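Right, one structure below, let's go through it.
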Amino acid sequence: MPEPRDTAVYTHGHHESVLRSHTWRTAANSAAYLVPSLRPHMKILDIGCGPGTITADLAELVPDGCVTGVDRVPEILDRARATAAGRGLANIDFAVADVHALQYPDDTFCVVHAHQVLQHVGDPVRALREMKRVVRPGGFVAVRDADYAAMTWYPASEGLDDWLDLYRRVARANGGEPDAGRRLKAWAQQAGFTDITATSGTWTFATPEERAWWSGLWADRTLASAYADRARLGGHADDGELRAVAGAWREWGTREDGWFSVLHGEILCRKEA
């Protein structure tokens, strides 16, 4: 793992190919482990909210409560506000924030939620301590992160093997931990939580439409996103190598027998009352 830092470079950036994935995310496909614990009156903080699709779903699930979505990038919050406005949600607001140093008082929220955040931060244990600080006694900190080394696919592809190796190198050079999913429980323990429910969930892409969507966004991301720029600038891959990886994604996407699964670690941590 990289040495802990307060901040890390967000590997993906906000290219269209990245937002294509982020705007697909919902509470149902990305926070199902949390939903049964929600109550209509709850006050929720959604960290790393991005374009706000999960945030909006959470707001609908707490009609008598409210949701605050925060992100480090001010520009993406405009997209999140548009998402909320388009769904006519009045119990939602957005702000710029850093998970390592949240601007909220102790014991403010009933739930603090973060989806695909800790893999991109410099000090995940410190981030969890901050999340614990701002949640009320008896409340929940809910975190879900992918685990890249646990991703699996069929059929075998040397090009996708190269993609996985490249992505993990770039992410770690940026100060993150791409295999965060398996570490969430340990990080929560280090942050001082004692009541931790650790689970896992998956996304699976197998239909022709799913394969085309998933392979297309990764092929585009490999060539044109901030991730591609950082791969080049960091000396991790040249243009030819990136084109080869993108081609491998597109080839896999055409396979009728193609199947891809993303494993996520999940933790639901209750703060001691």
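Points to keep in mind about this one:
- All aspartates and glutamates inside 18 Å of residue 132 as judged from Cα atoms, apart from same-chain residues fewer than 8 positions distant: 6, 46, 71, 98, 106, 107, 123, 145, 195, 266, 272
- Whole-Hz ³J(HN,Hα) from phi, Karplus 6.51 cos²θ - 1.76 cosθ + 1.60, for segment 209-217, glycine and proline x: 5, 5, 5, 5, 5, 5, 5, x, 5
- Taken about its Cα centre, segment 155-268 carries a charge dipole of about 380 debye when Lys and Arg each add +1 at the Cβ and Asp and Glu each add -1 at the Cβ.
- Per-atom-type breakdown for the chain gives carbon and sulfur 51% of the accessible area (1.4 Å probe, protein chains only).
- Efficiency of FRET from Cβ geometry, residue 196 and residue 158, R₀ 45 Å, rounded to 0.05: 0.70
- From the Kirkwood radius over Cα pairs of the chain, Stokes-Einstein at 10 °C and 1.306 mPa s returns a whole-number translational diffusion coefficient of 84 µm²/s.
- Sites residue 101 and residue 244, calculated FRET efficiency, Cβ-Cβ separation with R0 35 Å, nearest 0.05: 0.30
- Beta bridge orientation in the chain: antiparallel %, DSSP, nearest 5: 50
- Fraction in percent of alpha-carbon pairs per bin - 5 Å, segment 227-273: 4, 16, 14, 12, 13, 14, 9, 7, 5, 5, 2, 0
- Residue-wise HN-Hα couplings along segment 255-262, as the Karplus relation 6.51 cos²θ - 1.76 cosθ + 1.60 with θ = phi - 60° gives them from phi, are 6, 5, 9, x, 8, 9, 10, 10 Hz; Gly and Pro carry x.
- Angle between the chain longest axis and helix 124-134 axis [Cα atoms, degrees, rounded to 10]: 30
- Residues with amide H under 5 Å from that of residue 107, placed H, sequence gap 5 or more: 134, 135
- On Cα atoms only, tilt of 239-253 relative to the major axis of the chain in degrees: 80
- Cα Rg, Dmax, segment 1-158, angstrom units: 15.6, 51
- Cβ-derived FRET efficiency at R0 25 Å, residue 182 paired with residue 206, nearest 0.05: 0.60
- Only Lys, Arg, Asp and Glu carry charge here, each on its Cβ (+1 for the first two, -1 for the last two); on that basis the chain has a dipole of about 600 debye about its Cα centre.
- Heavy-atom surface of segment 86-228, accessible at 1.4 Å and reported per residue (Å²): 37
The values are calculated or read from the model by the stated rules, or taken from the named source; none is laboratory data. Keep in mind that what you see is a predicted model, and the values were worked out from it rather than measured. For neighbour counting, all protein chains shown are included, and Cβ atoms are generated from backbone atoms with ideal geometry for every residue, glycine included. Heavy atoms of the whole protein, side chains included, go into the accessibility calculation; ligands, DNA and RNA do not. Shrake-Rupley method; radii C 1.70, N 1.55, O 1.52, S 1.80 Å.
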